[in-house]
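Undergrad: Submitted below is the structure of interest, expressed as structure tokens.
The values are calculated or read from the model by the stated rules, or taken from the named source; none is laboratory data. Small disclaimer: the values here were computed from a predicted structure and weren't measured. Backbone-built Cβ (ideal geometry, glycine too); neighbour counts: all protein chains shown.
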Amino acid sequence: MKRKYLLWLSLALNGIGLMAAGYVIYRLGGWNFFRYRLEQRGVAAEYEHRKSLYEIMQSDTASIVFLGNSLTAYCDWAELLGNPKIKNRGIPGDRINGVLDRLEDIIRLEPDQLFLMIGINDLLFDDPVSVSNKYRKLVDRLQKEIPGCQLHLKSVLPVNNQVRNTFINNEDVQVVNEAIEQLARDRSIPFIDLRPLLCDPSGQLNAAYTEDGVHLNGPAYKIWAAEVEKYLR
């Protein structure tokens, strides 16, 4: 009788534990949470692979550099814009500290123009004020180390959590963008705001331009390229 009681007690406790775990996973985003964790496992390796590749590139200089994370990396900017002077230095999953860690490669290129979009991945780990402060430090370094380079700061694109739960709050994205825009204004740096072009009336990334709520499709890159082209020289 006692064994039977202990068995039922054990089953009940296990059931409660499973339900609690299920509830936590549900609150975190369900299957999307597991998919996100699996995706993150490859981010560190991807960063190191790309970083080491850029380090051995033989280009002595580059007139134009596009710097950022996967949103930058996933487009062949030189081909799309028909400009062989462009070097793409985007790395999927990159964050502001990651860019700072590989800044020597960017400095070595001595670009005349640099287009920067970074910060969305940072919001998975830090609050928007901390992200904004890190962003400012990055701009400080760029202006100090490449004084002859014309920086162009691009807005951080909002996400679409209806297409997929991205674990990013667009209100946080807005705070970071306000800080970037103010920084650009204070430093007389061109600010390229892509949000009016790629977001819907609610302020989130337009579902017509994304399959996963974060990354962009061809039509979106075409719009982005047309806007950036206005600043190329």
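Undergrad: Restricting attention to segment 157-172, which residues are touching a Lys or Arg at 6+ places or on another chain (Cβ under 9 Å) and not charged (D, E, K, R)? Show your work before the answer.
TA: Residues of segment 157-172 touching a Lys or Arg at 6+ places or on another chain (Cβ under 9 Å): 157-158, 164.
Within segment 157-172, LEU157, PRO158 meet the criteria.
Undergrad: Right, here's the next one. Would you check if ALA220 is touching a helix residue (DSSP H, G or I) at 6+ places or on another chain (Cβ under 7 Å) and at pLDDT 95 or above?
TA: Numbers: touching a helix residue (DSSP H, G or I) at 6+ places or on another chain (Cβ under 7 Å): yes; at pLDDT 95 or above: yes.
For ALA220, the condition - touching a helix residue (DSSP H, G or I) at 6+ places or on another chain (Cβ under 7 Å) and at pLDDT 95 or above - is met.
Undergrad: Enumerate the pairs (first residue in segment 137-162 and within 17 Å of ASN177 (Cβ to Cβ); second residue anywhere and part of a helix (DSSP H, G or I) and small (Gly, Ala, Ser)) with beta-carbon separation below 7 Å, excluding pairs fewer than 6 apart on the same chain, so at least 6 apart or on different chains.
TA: So the pair list comes out as LEU153/ALA184; ASN160/ALA207.
Undergrad: Just name the residue that is surrounded by the most Cβ atoms within 10 Å (Cβ to Cβ) out of those in segment 193-233 that are of a type in the set (Lys, Arg) and either closer than 20 Å to ILE86 by Cα or free of Cβ contacts under 8 Å to residues at least 40 places away in the same chain (or both).
TA: Of segment 193-233, the ones of a type in the set (Lys, Arg) are 195, 222, 230, 233.
Filter again for either closer than 20 Å to ILE86 by Cα or free of Cβ contacts under 8 Å to residues at least 40 places away in the same chain (or both), leaving 222, 230, 233.
Values: LYS222: 13, LYS230: 8, ARG233: 7.
Looking at the filtered set, the residue picked out is LYS222.
Undergrad: Would you mind stating whether VAL228 is aliphatic (A, V, I, L, M) and not in a loop (DSSP other than H, G, I, E, B)? Let's see the steps before the verdict.
TA: Values: aliphatic (A, V, I, L, M): yes; not in a loop (DSSP other than H, G, I, E, B): yes.
Against the criterion (aliphatic (A, V, I, L, M) and not in a loop (DSSP other than H, G, I, E, B)), VAL228 qualifies.
Undergrad: Shifting gears a bit: Within segment 135-162, count every residue that is in a helix (DSSP H, G or I) and in contact with a Gly (Cβ under 8 Å, 6 or more places away or on another chain).
TA: First, pick out the residues of segment 135-162 that are in a helix (DSSP H, G or I): 135-145.
After this cut, where a residue has to be in contact with a Gly (Cβ under 8 Å, 6 or more places away or on another chain) as well, the list is 135.
Final tally of qualifying residues: 1.
Undergrad: I need the strands (runs of 3 or more DSSP E) fully contained in segment 36-120, keeping only those with at least 1 residues that are in contact with a Cys (Cβ under 6 Å, 6 or more places away or on another chain) and at pLDDT 95 or above.
TA: 113-117
Undergrad: Mind listing whichever residues of segment 160-198 are among the basic types (Lys, Arg) and touching a Ser or Thr at 6+ places or on another chain (Cβ under 8 Å)?
TA: Start the filter on segment 160-198 by keeping residues that are among the basic types (Lys, Arg), which leaves 164, 185, 187, 195.
Within segment 160-198, ARG195 is the sole residue that qualifies.
Undergrad: On to the next question. Out of segment 175-192, which residues are within 14 Å of LEU123 (Cα to Cα) and free of Cβ contacts under 8 Å to residues at least 40 places away in the same chain?
TA: ASN177
Table: residues versus (1) surrounded by 18 or more Cβ atoms within 10 Å (Cβ to Cβ); (2) modelled with pLDDT under 95; (3) among the aliphatic types (A, V, I, L, M); (4) in contact with a strand residue (DSSP E or B) (Cβ under 6 Å, 6 or more places away or on another chain).
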| site | (1), (2), (3), (4) |
| --- | --- |
| SER130 | no, no, no, no |
| ARG136 | no, no, no, no |
| VAL156 | yes, no, yes, no |
| ASN169 | no, no, no, no |
| ALA184 | yes, no, yes, yes |
| ARG187 | no, no, no, no |
| PHE191 | no, no, no, yes |
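Undergrad: A further question follows. Within segment 130-168, track down each residue that is among the acidic types (Asp, Glu) and within 13 Å of ARG187 (Cβ to Cβ). Show your work before the answer.
TA: Looking only at segment 130-168, we keep the residues that are among the acidic types (Asp, Glu), and these are 140, 145.
Listed by number, the list holds a single entry, ASP140.
Undergrad: Test each condition in (1) more than 25 Å from LEU53 (Cα to Cα); (2) among the aromatic types (Phe, Trp, Tyr); (3) buried (at least 23 other Cβ atoms within 10 Å of the Cβ) for PHE115 and report the one that comes out false.
TA: Among (1) more than 25 Å from LEU53 (Cα to Cα); (2) among the aromatic types (Phe, Trp, Tyr); (3) buried (at least 23 other Cβ atoms within 10 Å of the Cβ), PHE115 violates only (1).
Undergrad: OK, next. Look through segment 48-96, keep the residues that are under 27 Å from ARG136 (Cα atoms) and among the β-branched types (Val, Ile, Thr), and return whichever of them is surrounded by the fewest Cβ atoms within 10 Å (Cβ to Cβ).
TA: Taking the candidates together, the pick is THR61.
Undergrad: State all residues of segment 164-203 that are touching an Asp or Glu at 6+ places or on another chain (Cβ under 8 Å), part of a loop (DSSP other than H, G, I, E, B) and acidic (Asp, Glu); if no residue qualifies, say none.
TA: ASP193
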